Amino acid sequence: MTMDLLTANDRPGRYPASWYAETATPLAPFAPLKGAQRADVCIVGAGYTGLSAALHLAQAGLSVTLLEAQRVGFGASGRNGGQVGSGQRQDQDWLERQAPGAARTLWDIAQEAKALVQDLIAEHHIDAAWRPGVAHACHGARSAAHARAYAERLARDYGYDAVQPLDRAGIGALIGSGSFAGGDLDMGAGHLHPLRFALGLARAAQGAGVRIHERSRVVAVEGGLVRTEDGEVAADHVILACNGYLGRLHPDIAARVMPINNFIVATEPLGNRADDILSRDIAVADDRFVVNYWRLSEDRRLLFGGGESYGYRFPRDIAALVRRPMLSIYPQLADVKITHAWGGTLAITLNRMPCFHRDGGIYTASGYSGHGVAMATMAGRIIAAAVQGDASRFDTMATLPTRAFPGGGALRTPLLALAMTWYGLRDRLGL
Ligand SMILES: Cc1cc2nc3c(=O)[nH]c(=O)nc-3n(C[C@H](O)[C@H](O)[C@H](O)COP(=O)(O)OP(=O)(O)OC[C@H]3O[C@@H](n4cnc5c(N)ncnc54)[C@H](O)[C@@H]3O)c2cc1C
């Protein structure tokens, strides 16, 4: 059975019923592609990867056509937890072991990624509600001790001193839950309104001269010819920025980048009770493999993400799924109503590092493994540089080759269910 994630869980051409969609002003629809066009660069997918690449390339004077199957920011970029974490998805210990020659550059790229997000927000006056501060909450003493040692190491070896380690009392005072043994607070990281950020990038790209077409699903890429049902674009360079929705458009990448679904709820506004949940306006992620993450909205709702689900279809009752981990951390919210619940499709790789790949004039970056707000935006800049002849950072990102999932496309679903069950079990047993 082929499962088409671009249509399986959503109404075509519509944003999901998220708190984000309710609190963002959509752009006027962009007309679907009709007929034949020519461009220096054709980009497929208008999430952070595609939008950022488009903006950077148009600013450099290239002609760019951006094709989006649904609406700009329809995918993970318009639905995510909004957390802009430091570093790559794998920590520096891991990177130094796996890619000793590139670990420092990978750190620097991640630092630049966070700065890029903030610079784009400032330069294009995007109402993305950027707030500094991401806490990392550790369930066990061993993980809390590691967080402390890692904060010291980042300061010593990378000159990064924005991470403050926290003991049990410290994390408890910050996040109003007795569940955690310790953790840290990284004031160099931050959080934002993800859909407004995506829409702001789209507006900036349009202003820079990018031709954007929505409701324009790409059905085939043949060399430099990109086809939709009703049109085609001939381009010197093609950028596939489809992330979890790539499907069969590029079978080799699809075997390395696996889509998974993840879920978020918004509660009713908490008023003064919000101070007992988070005493500062920071975001939090815990150390579960099936990670829980949360923060307050501008109108002081709790936005909480988490919950396990297997298979490509969103579960019928997302609110019930996410309520469980939310109440395990905040039992005091048992009486609070959930007003919004939504799902999104992201993409992971086997080693959790994004998959950058180029072959002739075709470029792709995807599989940010839950760490894509900054890195996908940065990928757009890095791909834009590669298209213009400087592939040095693109190639550094590609130095950690992501292996194919065993069995390739056909076996990915059952394998993932198995892996997630194992990791979920591991979480529950505290292994
Ligand atoms: C629920 C959830 C929570 C998350 N939380 C965080 C977080 O807190 N912090 C963090 O850093 N990351 C988080 N992520 C991950 C992050 O959102 C992604 O890594 C990032 O948005 C990827 O951007 P992208 O542009 O590559 O992909 P997407 O935003 O998914 O964009 C891909 C686009 O391509 C379009 N497309 C696909 N196929 C075609 C086609 N054939 N033709 C035309 N268009 C096509 C899609 O419609 C889509 O708009 C989360 C993701 C989810 C789903």
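Observations
- Test: residue in segment 282-294 that is within 22 Å of GLU268 (Cβ to Cβ), in contact with a His (Cβ under 9 Å, 6 or more places away or on another chain) and among the β-branched types (Val, Ile, Thr): yes
- Members of segment 180-201 found to be surrounded by fewer than 22 Cβ atoms within 10 Å (Cβ to Cβ) and either among the small types (Gly, Ala, Ser) or on the phi > 0 side of the Ramachandran plot (or both), listed by number: ALA181, GLY188
- Unique residue being near the ligand (Cβ under 10 Å from one of its atoms), open to solvent by 10 Å² or more (accessible area, probe 1.4 Å) and more than 30 Å from ASP359 (Cα to Cα) when the list is ASN243, ASN262, ASN272: ASN262
- Hey, GLY188 in a strand (DSSP E or B) and within 16 Å of the ligand (Cβ to nearest atom) or not: yes
- Residues of segment 359-376 that turn out to be more than 8 Å from the ligand (Cβ to nearest atom) and buried (at least 24 other Cβ atoms within 10 Å of the Cβ), as a count: 3
- Residues in segment 214-240 that are more than 13 Å from ALA39 (Cβ to Cβ) and of a type in the set (Val, Ile, Thr) were compared, and the one that is surrounded by the fewest Cβ atoms within 10 Å (Cβ to Cβ) is VAL219.
- Any chance GLY209 is in a loop (DSSP other than H, G, I, E, B), in contact (Cβ under 8 Å) with a residue 60 or more places away in the chain and farther than 15 Å from GLY45 by Cα: yes
- Here SER392 meets each of (1) within 13 Å of the ligand (Cβ to nearest atom); (2) without any contact (Cβ under 8 Å) to a residue 12 or more places away in the chain with one exception, condition (1).
- Long-range neighbours under 8 Å by Cβ, at least six apart or interchain, first residue touching a residue at least 12 places away in the same chain (Cβ under 8 Å) within segment 331-345, second part of a loop (DSSP other than H, G, I, E, B) and among the acidic types (Asp, Glu): VAL336/GLU268; LYS337/GLU268; ILE338/GLU268; THR339/GLU268
- Only a single item in (1) modelled with pLDDT of 95 or more; (2) buried (at least 18 other Cβ atoms within 10 Å of the Cβ) is not met by SER177, and it is number (1).
- The single residue among ARG301, ARG256, ARG316, ARG280 that is open to solvent by 20 Å² or more (accessible area, probe 1.4 Å), farther than 26 Å from ALA404 by Cα, modelled with pLDDT under 95 and away from the ligand (no atom under 11 Å from the Cβ) turns out to be ARG316.
- Yes/no for ILE382 being within 12 Å of the ligand (Cβ to nearest atom), out of contact with any Cys (no Cβ under 9 Å at 6 or more places or on another chain) and more than 25 Å from ALA24 (Cβ to Cβ): no
- Test: GLU308 is more than 12 Å from the ligand (Cβ to nearest atom) and over 30 Å from LEU350 (Cβ atoms): no
- Residues that are farther than 22 Å from GLN118 by Cβ and not in a helix (DSSP H, G or I) within segment 370-397 comprise GLN388, GLY389, ASP390, ALA391, listed in sequence order.
- Matching residues in segment 70-100 - criterion: being open to solvent by 20 Å² or more (accessible area, probe 1.4 Å), in contact (Cβ under 8 Å) with a residue 24 or more places away in the chain and either within 23 Å of GLY207 (Cβ to Cβ) or more than 9 Å from the ligand (Cβ to nearest atom) (or both): ARG71, SER86, GLN90, ASP91, ASP93, GLN98
- Residues satisfying the stated conditions in segment 263-283, i.e. under 30 Å from GLY311 (Cα atoms) and touching a Lys or Arg at 6+ places or on another chain (Cβ under 9 Å): ILE264, VAL265, ALA266, THR267, GLU268, ALA283
- Hits in segment 56-71 - residues which are over 19 Å from ARG196 (Cα atoms) and assigned to a strand (DSSP E or B): VAL64, THR65, LEU67
- Within segment 377-394, the set of residues being in contact with an Asp or Glu (Cβ under 7 Å, 6 or more places away or on another chain) and open to solvent by 20 Å² or more (accessible area, probe 1.4 Å) is empty.
- Any chance GLN111 is within 15 Å of the ligand (Cβ to nearest atom), open to solvent by 10 Å² or more (accessible area, probe 1.4 Å) and not in a helix (DSSP H, G or I): no
- Test result for SER143, within 13 Å of the ligand (Cβ to nearest atom), in a helix (DSSP H, G or I) and buried (at least 16 other Cβ atoms within 10 Å of the Cβ): no
The values are calculated or read from the model by the stated rules, or taken from the named source; none is laboratory data. Values in this document were obtained by computation on a predicted structure and should not be read as measured data. Cβ: placed from backbone, ideal geometry, glycine included. Neighbour counts: every protein chain shown. Only protein heavy atoms, including side chains, enter the accessible area calculation; ligands, DNA and RNA are left aside. Shrake-Rupley method; radii C 1.70, N 1.55, O 1.52, S 1.80 Å.
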